[in-house]
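Student: What follows is a single structure, and I will ask about it in a moment.
What follows draws every value from the coordinates through simple rules; no lab data is involved. All of these numbers come straight from a predicted model, not from anything done at the bench. All Cβ positions, glycine included, derive from the backbone under ideal geometry; neighbour counts span all protein chains shown.
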Amino acid sequence: MAANVTVRREAFLDRVKERGEYGTEQEAERAARVVLALLGAHLVGEVRARLAARLPEGFALILLNPLQSAEPLPPERFVRATAAWIEGATEQTAVWDVSAVLSTAADAAGDDLLGQILLQLPAGYDLLFGRPRPT
């Protein structure tokens, strides 16, 4: 996916579905909605707006109207929160959900924007986005 181009909804969900190995588009959409709502609570300002501009409209609105988070969650708590919001999820399946959605969002963002996103997040999110950084 090229940076600066809004990804079509079908393409975004297809990629999440493939990466998460979901049986249906509905499962992929549910994961995308929860993960992006939680991510939106962690991003601020222009970075959040620029990521939203590269997501399909419905998902952009979720990112821009996030669930409230009192503090940025470390990656393991982000995964736990995801598990709590997805019916029937475990921490193990939530890792899968988070990484399927965030790696797809990282593709849409492009490297420059992803670098700015990671600067707003606690250490360790690079792994959730599927873009491990050298330490």
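Student: What list of ³J(HN,Hα) couplings, whole Hz, do you get for region 58-75 from phi and the Karplus terms 6.51, -1.76, 1.60, once you set θ to phi - 60° and write x for glycine and proline?
Tutor: x, 6, 4, 5, 5, 5, 7, 10, x, 5, 7, 10, 5, 8, x, 7, x, x
Student: Please list, in order along region 36-41, the HN-Hα scalar couplings obtained from phi with the Karplus expression 6.51 cos²θ - 1.76 cosθ + 1.60 (θ = phi - 60°), rounded to whole Hz, x for Gly and Pro.
Tutor: Computed from phi, the couplings for region 36-41 are 5, 5, 5, 5, x, 6 Hz.
Student: Could you tell me the ratio Rg/Rh of the chain? Both radii from Cα atoms, Rh via Kirkwood.
Tutor: Rg divided by Rh gives 0.92.
Student: Taking +1 at the Cβ of each Lys and Arg and -1 at the Cβ of each Asp and Glu, which of 78, 68, 31 sits farthest along the dipole of region 1-99 towards its positive end, judged by Cα position relative to the Cα centre?
Tutor: 68
Student: Moving on to the next point. Using helices alone, what [θ] at 222 nm do you get for the chain, with -39,500 (n - 2.57) per DSSP H run of 4 or more residues, divided over all residues and rounded to the nearest 500? Present the calculation step by step, with values, prior to reporting the outcome.
Tutor: Details: 8 runs with 89 residues, N = 135.
Counting only the DSSP helices, I get -20000 deg cm²/dmol.
Student: On to the next question. Quick one: compute the contact order of the chain, relative version, from alpha carbon pairs under 8 angstrom and 6+ residues apart, as a percent.
Tutor: 31
Student: Between the alpha-carbon centers of region 118-135 and region 59-111, tell me the distance in whole angstrom.
Tutor: When both Cα centres are located, 13 Å separates them.
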